[in-house]
Amino acid sequence: MRKFEIFVVTAPGLEKPLAAEMLEVGFKKPKMMPGGVRFRGNWQDVWRANLCLRGAVRVLARVAQFQTMHLSNLEHLIGELPWLQYLRQDVPVKVDVVTQKSKIYHAGAAKERIERGLVNALGLPISAEAEVVLKARIDNNMVTLSLDTSGESLHKRGHKAAVAKAPMRENMAAMFLRQLGYDGSQTVYDPMCGSGTFVTEAAEIAAGVLPGRSRSFAFEQLATFELEAYQTLREEASPQTPTVQFFGTDKDAGAIRMATENADRADVTNWTNFAQASAGDITPPDGAPGIVVVNPPYGTRIGDKKGLFALYASFGKALSARFSGWTVGIVTTDTGLAKTTGLPLETPFATVLHGGLKVRLYTCDVP
C-alpha cells in the first residue's frame, strides 16, 4: 500500500509527548515539527491515528505539493490532480487556505481558484459546512494540499456533554498525565476536577479503551475508506480492568454532577469516584501514593488573582501535610501562583498554548 506524509496536529508545546505516544503504539519514525508530529504511512495508519492517539488534535493526510506563483496556474494545477482517488463526487468539500511569503498573497482569491478548479474538473460540491476539509498552505510559493481526516477536533471524544467554565481538553489532559509518568497503574486524583477530564482520561487509559471509540471521523466520507478493514482495526483494541481507582473532588456541586455524568457516558464509572470538597480539605484516598493533577483557576482577568493566592496556598498546605510520596502536577499560567503552594515545584516541560493562553505544567514529588 502506497505511503504518504501524515501530519498529526497537537497543541503547540506537546509535540514531544505526542511523539512518545506514537512510538509506543507502533507508528514508525515520528518526526516532531512545530505544532505536531509527521510520519509516513498509509490510509489505515490515518484511521488508526485518529482512533488511537490521545494527544492528537487532528490528522492531516498530504495529497499533493507543487510550486506556483500565479492564481491562474493554481487553478489549472488543482484541476490536473487525481482527486477521485481521495474524494467522492457525492460528498461536499470545504476549502481552507493559509498563505505567507508568497506571490499568491490573498488567501480568499486562492480559495476561490482552488474551489473553481475542483468544480470545473470534477463537479465536486463545495460547502462551508462540509465535514471533509481540503487545507491548502501556500508558503514561499510552495502549495501543500492536505485532507483533514478528523472532522471535529479529536479532543471531542464523543461522550462528554457537560463541561466546566474553563475545561481542560482531553488531548492535553492525556499528554500532561504522560509527562507526569502516568502509565495506567497509578491512582490519579484531581482536587479541582471541574467536568472530570483528568479523572476520566486516566480511567480510560488504564482500561485500555480507544479514545475515538464513541465518535465518527471525516475519513469515513473519503473514497479511500474501507468499512470492513476499519471495523477490524477497531476490534484490535484490548480493554482491561484497571487495578486502581481514580478520584475527583470539587467545591462546586454542579461540577461533581457534570463529572459523574461524563464518566458515566465514557463507561468508566466502575473506576471513578467524585465527591464535593474544598481544595484545602482534601485527603489522600486509600492505597499507595499516586498522582495529584490539577488545572486550577488562573485569574487571567484583572482583579481575579487576589483570591487565588489564598486558594493555591491552602491547596499546597493540604498536599504538604497529607500527600507525602505523591507526584503533583499543576497546570497554570502564573509562576507566582504556583510558588504560593509552597511546594518544591519545577517546570521541566515546554510551555503549551491553551485557549490563547500560555500554560505550564509544574511538578514535584511531595516530600
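The values are calculated or read from the model by the stated rules, or taken from the named source; none is laboratory data. Given the structure is predicted, the values throughout are model-derived calculations rather than measurements. All Cβ positions, glycine included, derive from the backbone under ideal geometry; neighbour counts span all protein chains shown. Only protein heavy atoms, including side chains, enter the accessible area calculation; ligands, DNA and RNA are left aside. Shrake-Rupley method; radii C 1.70, N 1.55, O 1.52, S 1.80 Å.
For segment 21-69, the dipole from Cβ point charges (+1 on Lys and Arg, -1 on Asp and Glu) about the Cα centre works out to 120 debye, to the nearest 20.
For residue 16, the lysines whose Cα falls under 30 Å of its own Cα, not counting residues fewer than eight places away in the same chain, are 3, 28, 29, 31, 101, 135, 156, 160, 165, 339, 358. Cα centroids of segment 248-308 and segment 123-200: 21 Å apart. Of 283, 324, 107, which is farthest towards the positive pole of the chain's charge dipole, taken about the Cα centre with +1 and -1 on the beta-carbons of Lys, Arg and Asp, Glu respectively? Of the options given, the answer is 107.
Distances between placed amide hydrogens fall under 5 Å for residue 329 paired with 292, 293, 294, all partners being 5 or more residues away or on another chain. Since only 188, 243, 354 are under comparison, the one whose Cα sits farthest along the positive direction of the charge dipole of the chain, derived from C-beta charges on Lys, Arg, Asp and Glu, is 354.
Taking 0.36 nm per residue of separation and subtracting the current Cα-Cα distance, fully stretching the chain between residue 44 and residue 353 would add 108.2 nm. Modelled spin labels at residue 286 and residue 214, positioned 7 Å past Cα toward Cβ, are 2.9 nm from each other. In the chain, the DSSP beta bridges split such that about 60 percent are antiparallel, to the nearest 5. Of the residues 263, 212, 124, the one whose Cα sits farthest toward the positive end of the charge dipole of the chain, with +1 on the Cβ of Lys and Arg and -1 on the Cβ of Asp and Glu, is 124. Label-to-label distance for residue 278 and residue 236 is 5.2 nm, based on points extended 7 Å past Cα in the beta-carbon direction. Given R0 = 51 Å, the distance between the Cβ atoms of residue 2 and residue 252 translates into a calculated FRET efficiency of 0.45. Between 263, 288, 277, the GNM of the chain built on Cα springs shorter than 10 angstrom shows 288 fluctuating the most. In a simple Cβ point-charge model (Lys, Arg +1; Asp, Glu -1; nothing else charged), the chain has a dipole of about 1040 debye relative to its Cα centre. A Cβ-based charge dipole, computed about the Cα centre of segment 28-176 with Lys and Arg at +1 and Asp and Glu at -1, lands at about 780 debye. A 1.4 Å probe run over the protein chains yields, for the chain, 46 Å² of accessible area per residue, whole-number rounding.
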